[in-house]
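Reviewing the structure listed below.
Read the figures in this text as sums done on the coordinates, not as results from a lab. Keep in mind that this is a model prediction, so the values were computed, not measured. When we count neighbours, we look across all protein chains shown, and the Cβ atoms used for this are built from the backbone with ideal geometry, even at glycine.
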Amino acid sequence: MDQSGTPTIEAVHRDVGFANEYRLEVIKTMLAISTALLAFTVSFRPKLNPVWYEWMMVAGWVGLGASLIGGILTMYCWELYYISYRDYDHKGRAVAGREYRDKVNKCRKAAFLVQCVGFLIGVAGVAMFAGVNVSNVDDESINSEARETRNAD
């Protein structure tokens with residue numbers, strides 16, 4: 001900080017850099033969790049008898065899929081946002097660059113909202129489905145699969 005208490009330009013740049021790193025990590029973490037949870041729940045569905053509230057799992061899958069699409073679009077929008085400085089501002093078209101970034105920002109915010117809401121719906125749907133059906137796992141199918149695995153060895 002300088003004498004007036006105003007942060008120096010170096011401090012502002014450092015803070016913006018940290019904010020960008022944290023933003024990127026949040027987006028990447030939600031993408032990774034959504035991908036893993038979607039892949040795991042689709043690939044390793046337990047045998048349930050009876051199955052209650054299957055719509056919760058479907059809602060979870062739809063939410064996780066929306067989260068993935070929103071996250072990818074968010075990352076793409078950030079790419080468009082940053083590259084616009086090269087494409088507009090450094091070519092003497094700063095006003096057009098600001099207008100373009102305003103459009104990209106609206107898309108980015110919508111995509112991030114889709115990512116966050118989809119993530120919440122996805123995780124909640126899968127968790128509620130698991131919670132409701134935890135006592136419905138077909139023990140016989142688990143035991144027969146274990147026997148088959150042992151006999152194959």
State which helices in the chain qualify, where a helix is a whole DSSP H run, it must extend 18 Å or more along its own axis by its Cα atoms, and its mean Kyte-Doolittle hydropathy must be at least 0.5.
9-43, 54-87, 94-133
Report Rg/Rh for the chain, rounded to two decimals, where Rg is the Cα radius of gyration and Rh the Kirkwood radius.
1.23
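Rounded to the nearest 20 debye, what is the charge dipole size of region 31-152 about its Cα centre when +1 sits on each Lys and Arg Cβ and -1 on each Asp and Glu Cβ? Numbers along the way, then the final one.
Values: 13 positive and 11 negative charges, 157 e Å.
Using only the charged Cβ atoms, the result is roughly 760 debye.
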Rounded to the nearest 0.05, what FRET efficiency do residue 93 and residue 14 give with R0 = 35 Å and r taken as the Cβ-Cβ distance? Could you check?
0.75
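Based solely on its DSSP helices, what 222 nm [θ] is calculated for the chain when runs of n ≥ 4 H residues each add -39,500 (n - 2.57) and the sum is averaged over all residues, nearest 500 deg cm²/dmol? Present the calculation step by step, with values, prior to reporting the outcome.
On the way: 4 runs with 123 residues, N = 153.
One gets -29000 deg cm²/dmol as the mean residue ellipticity at 222 nm.
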Of the options 56, 16, 31, report the single residue whose Cα projects farthest towards the positive end of the charge dipole of the chain (beta-carbon charges: Lys, Arg +1; Asp, Glu -1).
16
